[in-house]
Amino acid sequence: MSLTDEGPTFRIVVDHLGQGIAMIDADHRLVLSNALFQELLGLPDALVLPTTKLSAIVQFLVERGDFGDGDFETLARQRMAQIENRNVGLTERSGHKGQHLEVRTDHLPDGGLVISYTDVSSRVEAERELARVNQNLEARVQDRTQALTLLNSELERARAKADAANLGKTRFLAAASHDLLQPLNAARLYTSTMIERAHGSDLARLAQNIDASLGAVEDIMSALLDISRIDSGALKPAISVFSIRELLRKVRVEFEPAATEKNIKLRLVGADSVVRTDRRLVARVVQNLVSNAIKYTPEGGSVLVGCRKRGNKIRLDIIDSGIGIDKGQHSLIFGEFSRLEPGARIASGLGLGLSIVQRICDTLNLQLEVESEVDKGSRFSIYVAEANKGETPIAEPEPAQIAVNAAQFLGKQILCVDNEEDILDAMQALLSGWGCDVRTAKSLKSISQSSTLEGWIPELVLMDYHLDQTSGLDAIEWLRQNVGGHLPAVLITADRTPQVRELAEARNISILPKPVKPAALRALIGRLT
């Protein structure tokens, strides 16, 4: 079709493209353009009329200053030459509102041109943010140990992959960073202390609910890391037998407050089935699906979570009366950072939830079904293998009331080292409640310049891995040289790579992952002291 063969259908297509489009004939006159072309370039109505000369548009942009300072005629000639150069098909420049525009020029066989403008400001900003993140990382990665060198290379590979595939990947890498895990770690330590000190009271029950919610936050952050581990093949399922009832109990604790706030009826039914799969990953799938169901269901609606037996499998359903999804868009919703227009208007988000669901189902070989109708609601279902007869579900420990034997840790001298004041305060409150004699420090420098160790020898050191001036592994070695090589030590870290674990084991150092679970900490202290 030539440039002059404009028809109604063709016009509609051009107007709905996500780019500013202009078609120029062989005489360099405007044939047609869409509204986004005029908006992105900030052109007056008179310059988007058919037969407008391309040179007139260029002259307008030059005089407005879009191409910088200089002689107007020279700048106009340079821009026209660039447009006519068949070897220059893609360029970038600033728009009149400061936005970053990607300009593509395609030459047609009859001598005409198609010029498209795309606003890539978000991509450019993401690139700048990525550069800032890398600069911060490089500033902190001074330690020359093998573990940090490997961590840096993994971050570089992740950065390269994000550049090539999707710059948005940096969001979840940043979300999993040490700085974000620190306040979560402190919060869970504080709530555990509240649970113990307010044992049996209403305050204790409130603290337990807070702790359960913080656990959900931890699960979400772990999910972001799971995406990269799933994609790399590093995530290996841990298959176990468990009850759906246990799974739904956690769903109720986590989501009932949000449902109540929106006056949404949250029902959980058919919970007696026992299944065989990865408990944690299936819980992540259900969390994401229930979260979406509540998020996209209007006030007064309903969300049903239940299961039905289908052959030798259990179908786990999440059904809502929400806004629904057009059938033609079902294949789009599982894309990374994919957010459809109706849902984006209702609720904020990154668009990662269903992408994680798809990845996990693929990893566990679970069938995933979607049925949805606009304005009527949706049903998301996964098919999970039913446990064999005779297999007993393994119950997950209750989040708990931690019954501490006061005499067990009474007087135990424990040194805590962390560069975050909140972590130290929370750890001191928890350990002091167990009867320990606790001293804290933010760095080796503060220990060496203070009287922390004068007349006091620690029986155990709890060491953060990421300190400001050194790694926790090297800090433990320094303490052992000054206190005694026998000093038991625990490295507290969010880095779950096998390399860090191997380095710690080689130095006879125990590892405790962040966020710290008090029950695990108590057991480890008891074993090491």
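The values are calculated or read from the model by the stated rules, or taken from the named source; none is laboratory data. Predicted, not measured: the structure shown is a model, and the values here were computed from it. Backbone-built Cβ (ideal geometry, glycine too); neighbour counts: all protein chains shown.
Data table
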item: Entirely in segment 412-486, the helices (runs of 4 or more DSSP H) that have 2 or more residues that are under 27 Å from Ile195 (Cα atoms) and among the polar types (S, T, N, Q); result: 421-433
item: Residues of segment 487-505 that turn out to be surrounded by 14 or more Cβ atoms within 10 Å (Cβ to Cβ) and either of a type in the set (Asp, Glu) or part of a helix (DSSP H, G or I) (or both), as a count; result: 6
item: Test: residue in segment 63-80 that is assigned by TED's automatic domain parsing to the domain that holds His16, within 21 Å of Leu17 (Cβ to Cβ) and surrounded by 13 or more Cβ atoms within 10 Å (Cβ to Cβ); result: no
item: Positions within segment 27-81 being assigned to a helix (DSSP H, G or I) and not hydrophobic (A, V, I, L, M, F, W, C), in sequence order; result: Gln38, Glu39, Asp45, Ser55, Gln59, Glu63, Arg64, Glu73, Thr74, Arg77, Gln78, Arg79
item: Flag if Asn388 is modelled with pLDDT of 85 or more and surrounded by fewer than 16 Cβ atoms within 10 Å (Cβ to Cβ); result: yes
item: Lone unmet requirement of (1) surrounded by fewer than 18 Cβ atoms within 10 Å (Cβ to Cβ); (2) farther than 19 Å from Asn209 by Cα; (3) in contact with a helix residue (DSSP H, G or I) (Cβ under 6 Å, 6 or more places away or on another chain) for Val285; result: (1)
item: Scan of segment 13-45 for residues that are of a type in the set (Asp, Glu) and surrounded by 16 or more Cβ atoms within 10 Å (Cβ to Cβ), ordered by number; result: Asp25
item: Scope segment 82-93; condition among the polar types (S, T, N, Q) and modelled with pLDDT under 80; matching residues; result: Asn87
item: Checklist (1) modelled with pLDDT of 85 or more; (2) not assigned by TED's automatic domain parsing to the domain that holds Ser378 applied to Glu261, failing item; result: (2)
item: Filter pass, Ala147 being modelled with pLDDT of 85 or more, of a type in the set (Gly, Ala, Ser), surrounded by 15 or more Cβ atoms within 10 Å (Cβ to Cβ) and not in a strand (DSSP E or B); result: no
item: Meets criteria (within 22 Å of Asp15 (Cβ to Cβ) and surrounded by 15 or more Cβ atoms within 10 Å (Cβ to Cβ)) for Gly95; result: yes
item: Criterion violated by Ala126 - all others in (1) buried (at least 17 other Cβ atoms within 10 Å of the Cβ); (2) over 30 Å from Leu155 (Cβ atoms) satisfied; result: (2)
item: Hits in segment 268-305 - residues which are more than 24 Å from Asp362 (Cβ to Cβ), touching a strand residue (DSSP E or B) at 6+ places or on another chain (Cβ under 8 Å) and among the small types (Gly, Ala, Ser); result: Gly270, Ala271, Gly301, Ser302
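For (1) modelled with pLDDT of 75 or more; (2) closer than 15 Å to Leu430 by Cα; (3) not in a loop (DSSP other than H, G, I, E, B); (4) not assigned by TED's automatic domain parsing to the domain that holds Ala520, each residue gets a yes or a no:
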{"residue": "Asp163", "(1), (2), (3), (4)": "no, no, yes, yes"}
{"residue": "Leu167", "(1), (2), (3), (4)": "no, no, no, yes"}
{"residue": "Asp179", "(1), (2), (3), (4)": "no, no, yes, yes"}
{"residue": "Asn185", "(1), (2), (3), (4)": "no, yes, yes, yes"}
{"residue": "Ser192", "(1), (2), (3), (4)": "yes, yes, yes, yes"}
